[in-house]
Amino acid sequence: MTSVTSDVYGSLPGGHRVRRFRLQSESVKVEIISFGCIITCLETKDRHGHFSDIVLGFDDLEGYTNKHPYFGAVIGRVANRIAKGTFTVDGKDYLLPINNGPNSIHGGLKGFDKVLWTPEVVENGVKFSYTSGDGEEGYPGELNIWVTYTLVGNELVLNYKAQTNKTTPVNLTNHSYFNLAGQRSPNFNDHEISIDAEHYLPVDDTMIPTGDINPVEGTNFDLRKPVNVESQIAKLQENGFDHNYCLKESQKEQTCARVYHKPSGRVLSVRTTKPGIQFYTANFLDGSLKGKGGAVYPKHSAFCLETQAWPDAVNKHQFPNILLHCGEEYNQTTWFVFSVE
C-alpha cells in the first residue's frame, strides 16, 4: 500500500504556492513538486535495508526556479534538440527560441519544467495537469497535458497523456539525474549499465542527429551487455554519452535499460512504451551547483535515462513520427523499477 501525503513546498513570485507530494511504499520514497512536476527526492533501499536518496537536486524551491540542468523535471513540449529551432507542419514554418548552441532544446526558454502544474491526488500517486497555449514557446496548437506519478511496491510509474486542437510535435520525458550510490557520491565509477538497443543515433558537433541510424555492433556504443560506465566513457574518447538509443518501434511495454551498483546492491531497471532512450552522463555538470545538503555535483557524477521520441524527429521523416493531431491522444508510459542484489 502506498501512502500519499502533501504539504506546501514554497511560493513563486506572485504568491502562487508550490505543493510537494510524498509517495511512500515499503521499499521506495519519492517526493514530487507541482513546479515542473520535479522529482526532488527518491529514496531506495540498499541490500542492508538502508534508504538513500539517489537523485540529484536542491533543498528548496529557489534552487529549482534558478537556472539548473533540468534536475528531476518533466520536459516538453518537445524534449531534446530541434535543429536550428525550426520545423514545418502543414506547410507552415515555425521558429522556436534558440537555447542550446544553434538549436532549441527541452521546450524552449520556459518549457514544462518551469511552469506550475495543477495537482490531483489519485490512487497510489498524484496527477498533474497543464494547458500549454497556442504559440507558447513557438509551438502550434493548444495542448492539454496530464502527467501521473504512481508508486506501487518497487515500481515508480510515469504516464504522460496529451491532446491538441492543432497538429503539433509532442515528446515528453522526465529528466532525473541518478546516482545509485546516493547523495555526495562524486562519480558513478562503480555503476554497470546495459541498454537493450541494436542501433543508436550518431550526432554532429551541435549534438543534432545526422539522420543516420547506426548499428551498435562493433562500436563503443554497444551496451547490450553490462559494462562499467567509467570505462566505457574512456573508450569513447568523447565528452561522454549524450545519445539516443533506438528501441523497438511499438507502443508495447519493453525493458530497455538496467543499471547495477555493486557496492550497495541497488538496481534500476527501466521499461517504456516509447521508441527511444537518451543515455546522458552529466557531461556538462561542473561542480558549480550546490545541491542537497551542500553536495557538489561535478562532471560525470550522475546519469540520465530519458525515455523519449528520437531527437529532431520533427525534421527527419525517417525517424518515428512525433506529430500529434487533433482528435488523437498522446499516451506513453515509463516504469522505473528499483531492486537489490
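Among Gly182, Gly240, Gly211, which is the only one that is touching a strand residue (DSSP E or B) at 6+ places or on another chain (Cβ under 9 Å), under 25 Å from Ala79 (Cα atoms), surrounded by 14 or more Cβ atoms within 10 Å (Cβ to Cβ) and of a type outside the set (Val, Ile, Thr)?
Of the residues listed, the single one that is touching a strand residue (DSSP E or B) at 6+ places or on another chain (Cβ under 9 Å), under 25 Å from Ala79 (Cα atoms), surrounded by 14 or more Cβ atoms within 10 Å (Cβ to Cβ) and of a type outside the set (Val, Ile, Thr) is Gly240.
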Criterion (at positive phi, touching a Lys or Arg at 6+ places or on another chain (Cβ under 7 Å) and either charged (D, E, K, R) or modelled with pLDDT of 95 or more (or both)) met by exactly one of Glu120, Glu137: Glu137
Among the residues listed as Ile82, Ile75, Ile98, the single one being more than 22 Å from Ile145 (Cα to Cα) and not aromatic (Phe, Trp, Tyr): Ile98
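This table checks each residue for (1) crowded, with 20+ Cβ neighbours inside 10 Å; (2) closer than 21 Å to Arg81 by Cα; (3) not charged (D, E, K, R).
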| position | (1), (2), (3) |
| --- | --- |
| Asn220 | no, no, yes |
| Asn228 | no, no, yes |
| Ala234 | no, no, yes |
| Asn244 | yes, yes, yes |
| Ser250 | no, no, yes |
| Arg266 | yes, no, no |
| Ala282 | yes, yes, yes |
So Gly14 fits all but one of (1) surrounded by 13 or more Cβ atoms within 10 Å (Cβ to Cβ); (2) on the phi > 0 side of the Ramachandran plot; (3) out of contact with any strand residue (DSSP E or B) (no Cβ under 8 Å at 6 or more places or on another chain); (4) not polar (S, T, N, Q); what number is the exception? (1)
Answer yes if at least one residue in region 150-170 is without any contact (Cβ under 8 Å) to a residue 12 or more places away in the chain and either of a type outside the set (S, T, N, Q) or in contact with a strand residue (DSSP E or B) (Cβ under 9 Å, 6 or more places away or on another chain) (or both), and no otherwise. no
Scan region 278-292 and give yes if some residue there is touching a Pro at 6+ places or on another chain (Cβ under 7 Å), in contact (Cβ under 8 Å) with a residue 24 or more places away in the chain and closer than 22 Å to Ala79 by Cβ, otherwise no. yes
Return only the number of the condition from (1) within 30 Å of Asn100 (Cα to Cα); (2) under 21 Å from the mean Cα position of the chain (by Cα); (3) among the basic types (Lys, Arg) that Lys84 does not satisfy. (2)
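The values are calculated or read from the model by the stated rules, or taken from the named source; none is laboratory data. Bear in mind that the values here come from a model prediction, so they are computed numbers and not experimental data. Cβ sites come from the backbone with ideal geometry, for glycine too, and all protein chains shown count toward neighbours.
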